[in-house]
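Worksheet: the structure to be examined is printed underneath.
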Amino acid sequence: TEFLYSSRRNNKQRFDKRLIAHIVDLAEQGVPRRDLVNDYGMSPGTLIDWIAKYGSGIAKHKRYTAGEKRSVIRAIKAGMSVKQAQIAFKISYPSVIRGWMKEFKEENDDLSLIKAEEVAKKTVDPSDNAELKALKKALEEANLKIRALDTMIDIAEEQLKVNIRKKSGARQSSK
């Protein structure tokens, strides 16, 4: 069907409200935003603002919890491809997952750097070799237990739809 609206005489003139509603409707139906920007002559930022202000909420971005992000990253580390994870976890773009991978890699690199500095500061006496091996084994077991507990919490948060981890700075409950 043909859509009638009053056209703009120049770029300074405002868009017709009916045209804005029509453009937002097209965006929500799946017409690529780049095409809408090119066809109707508005900036990408303007289109985003219109969708936020006049849209039905269908085209809004989903916010993912840290637990959901960790679950996706763990699935990829277990052998799933980024594309498979995108489909399985219903994530709109693979670049979102790649961003999470980079974020968690940097986080792990920071933790590794801190541990390396602490180890470098300490000097080890060669006579304590047996004790050192026992401590390393205990550390490995503790790290494994921490990963298992993090995984259990992530799964529980996803299934129960409840935040289990304590927020930093949260008040203690009074009894």
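Where a number appears in this text, it was derived from the coordinates with a stated rule and is not lab data. It should be emphasised that the depicted structure is a prediction, and the values quoted were computed from it without experimental measurement.
Using all Cα-Cα distances in segment 10-57, what percent lands in each 5 angstrom bin from 0 up to the longest?
Percent of Cα pairs in each bin: 4, 22, 37, 27, 8, 2, 0.
Pairs K12/K53; K62/K83; K83/K137; K105/K145; K105/K133: which exceed 25 Å Cα-Cα? Working shown, then result.
Numbers: K12/K53 20 Å; K62/K83 18 Å; K83/K137 37 Å; K105/K145 20 Å; K105/K133 28 Å.
Among K12/K53; K62/K83; K83/K137; K105/K145; K105/K133, the Cα-Cα distance tops 25 Å for K83/K137; K105/K133.
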